[in-house]
Amino acid sequence: MNVSVVGSGYVGTTLAACLADLGHDVTAVDIDEETVERLNAGETTIHEPGLDPMVSAYAGSSLKATTDHAAVADTDLTFLAVGTPAREDGSIDPSGLLAAAEDVGEAVADKDGYHLVVVKSTVLPDVIDEEVIPTLEDASGKTDGDDLGVAVNPEFLREGSAVDDFMNPDKIVIGTDGDGRALDRLAELYQPLISDWDVPSVETGRREAAMIKYANNTFLAAKVSLINDLGNICKELGVDTYEVAEAIGMDDRIGEKFLNSGVGWGGSCFPKDTAAIKSAAEDADYDPAMVEAAIEVNDVQPQRLLGLMDEHVDVDGKRVAVLGLAFKPGTDDIRGSRAKPVIEGLQDRGGNVVAYDPLAVEKMAEEFPDIEYADSAAEALDGAHAAAAVTDWPAFAELNEEFDAMAEKVVVDGRRIISRREGLTYEGLTW
């Protein structure tokens, strides 16, 4: 098929490259000229394992990029994969998505016949009905369900494994409100995954499809917060949470995934989506107690890590190492990183922070330019009076003699990545 993808950020670039790999001809559309130039040169602007070689392989052939939205008129369907950032009150800002919808509507205004627009961006149901569809209709002069189709196809990509998540999904959700043409085109698009890999597809309404994304992420965020809450209790009772989690994960009603307790969740999705669903619930005059509790527990975890450090060392005027800045290993993304409140807490205590991350130093330095950044974990630990492990990079599990260079060998582990050893004052956050 001939597909256009508007928005070449994290989701859009992954989507475009993976669709090209499935055999489709893909046109990526973005307003940023540098992003377009790099994609056409076979380069990406994001760090994601497996994505660079894929973009490089198809750039210039089945994957092209442009700043001209008119290109979407020559395609069978258009994905809107534009970011929807959070406002200060937690609600989403759909302005970028609506601007893209207007551009696409104008581009297909003179197109003969049916054009399908697929919303990939994460938005609440009301935004689809009350803002996206009217914007498309006004700009195109076409009517939803007539010469214009609108579908919702949420993404479930995890940073660090996005390519694999796309190629091996646990489900494909397609919301069409009964538009058979939209359903047929998306079924054809995903046919290689559905037929070759027997991936289940969920065919539902547009509002339901939009809500599934929020429900999915909110449920997972709450599961992590619950195991963290239980972990905090276990810590107070002298119990190893990980041994408890291993046992309860054998219950198929609970499952073993997302039971690693620690310093909490971050990233671009969990914080934004839980805040958005909380805001939407409050606008509907409903008190989302469980969602609020999940957010509250997550906010507490970095403070508990700092509290454990306080029990062993007064960091005022002392060097403190922070190991890990990305919100998770395998990415340079610092959005929602638990390292941020840890660094802020250490600074409030007068600590001299030295931080290290294999990928995220440059981005964190933009937000915290006044702290020291090391070129290695060993350099960060050298002379430190305490260390906090915040991201579970596999290389941190191999640290051993590097701790010998610490002035005071105090380590608070927020991810169960550091091994206990003789001579090391070791505190696990929830174990």
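The values are calculated or read from the model by the stated rules, or taken from the named source; none is laboratory data. Since we're looking at a predicted model, the values are computed, not measured. No Cβ is skipped: glycine too gets one built from the backbone with ideal geometry, and neighbour counts run over all protein chains shown. Side chains are part of the model used for accessible areas, which takes the heavy atoms of the whole protein and leaves out ligands, DNA and RNA. Shrake-Rupley method; radii C 1.70, N 1.55, O 1.52, S 1.80 Å.
Return yes or no: is GLU344 surrounded by fewer than 17 Cβ atoms within 10 Å (Cβ to Cβ), of a type in the set (Asp, Glu) and within 23 Å of PHE270 (Cα to Cα)? Explain how you work it out, then say what you get.
Details: surrounded by fewer than 17 Cβ atoms within 10 Å (Cβ to Cβ): yes; of a type in the set (Asp, Glu): yes; within 23 Å of PHE270 (Cα to Cα): yes.
Yes.
Just name the residue that is most open to solvent (accessible area, probe 1.4 Å) out of those in segment 10-49 that are modelled with pLDDT of 95 or more and under 19 Å from the mean Cα position of the chain (by Cα).
VAL11
Out of all the residues in segment 317-332, is one or more assigned to a loop (DSSP other than H, G, I, E, B) and among the basic types (Lys, Arg)?
Residues of segment 317-332 assigned to a loop (DSSP other than H, G, I, E, B): 317-318, 324-332.
Still in the list and also among the basic types (Lys, Arg): 318, 328.
Yes; the residues of segment 317-332 include at least one that is assigned to a loop (DSSP other than H, G, I, E, B) and among the basic types (Lys, Arg).
Go through the residues of segment 126-134 one by one and say whether even a single one is of a type outside the set (D, E, K, R) and free of Cβ contacts under 8 Å to residues at least 12 places away in the same chain.
So in segment 126-134, the residues of a type outside the set (D, E, K, R) come out as 127-128, 132-134.
Add one more test, that the residue is free of Cβ contacts under 8 Å to residues at least 12 places away in the same chain, and what stays is 134.
The answer is yes; a qualifying residue exists.
Residues GLY160, GLY113, GLY178: which one is over 28 Å from the mean Cα position of the chain (by Cα), under 30 Å from ASP198 (Cβ atoms) and either outside any helix (DSSP H, G or I) or of a type in the set (A, V, I, L, M, F, W, C) (or both)?
Numbers: GLY160 fails: over 28 Å from the mean Cα position of the chain (by Cα); GLY113 fails: under 30 Å from ASP198 (Cβ atoms).
Exactly one of GLY160, GLY113, GLY178 is over 28 Å from the mean Cα position of the chain (by Cα), under 30 Å from ASP198 (Cβ atoms) and either outside any helix (DSSP H, G or I) or of a type in the set (A, V, I, L, M, F, W, C) (or both), namely GLY178.
Would you check which residues across segment 207-240 are more than 16 Å from GLY428 (Cβ to Cβ) and hydrophobic (A, V, I, L, M, F, W, C) and list them?
If the condition is that a residue be more than 16 Å from GLY428 (Cβ to Cβ) and hydrophobic (A, V, I, L, M, F, W, C), then ALA209, ALA210, MET211, ILE212, ALA215, PHE219, LEU220, ALA221, ALA222, VAL224, LEU226 are the ones that fit.
Need at least 1 residues that are open to solvent by less than 50 Å² (accessible area, probe 1.4 Å) and either without any contact (Cβ under 8 Å) to a residue 12 or more places away in the chain or more than 24 Å from LEU305 (Cβ to Cβ) (or both) per element, so show me which helices (runs of 4 or more DSSP H) inside segment 200-285 make the cut, counting only ones lying wholly within it. Can you show your working first?
Details: elements: 206-237, 241-248, 270-283.
So the answer is 206-237, 270-283.
Since VAL411 meets every condition but one in (1) more than 21 Å from GLY317 (Cα to Cα); (2) assigned to a strand (DSSP E or B), which condition does it not meet?
Status for VAL411: all satisfied but (1).
So that you can scan it fast, the table gives a plain yes or no per residue for (1) within 30 Å of PRO358 (Cβ to Cβ); (2) in contact (Cβ under 8 Å) with a residue 24 or more places away in the chain:
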{"residue": "MET1", "(1), (2)": "no, yes"}
{"residue": "GLY9", "(1), (2)": "yes, yes"}
{"residue": "LEU15", "(1), (2)": "yes, yes"}
{"residue": "ASN40", "(1), (2)": "yes, yes"}
{"residue": "THR44", "(1), (2)": "yes, yes"}
{"residue": "GLY60", "(1), (2)": "no, no"}
{"residue": "ASP68", "(1), (2)": "no, yes"}
{"residue": "VAL72", "(1), (2)": "no, yes"}
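Could you look through segment 128-149, keep only residues that are part of a helix (DSSP H, G or I) and among the aliphatic types (A, V, I, L, M), and pick out the one that is surrounded by the fewest Cβ atoms within 10 Å (Cβ to Cβ)? Talk me through it step by step, then tell me what you get.
First pass over segment 128-149, keeping only residues part of a helix (DSSP H, G or I): 128-140.
After this cut, where a residue has to be among the aliphatic types (A, V, I, L, M) as well, the list is 128, 132-133, 136, 139.
Numbers: ILE128: 23, VAL132: 26, ILE133: 20, LEU136: 27, ALA139: 18.
For segment 128-149, the residue satisfying everything is ALA139.
So in segment 67-105, with the set limited to residues that are among the hydroxyl-bearing types (Ser, Thr, Tyr) and over 27 Å from GLU282 (Cβ atoms), which one is farthest from the chain's Cα centre (by Cα)?
Looking at residues that are among the hydroxyl-bearing types (Ser, Thr, Tyr) and over 27 Å from GLU282 (Cβ atoms), I get THR75.
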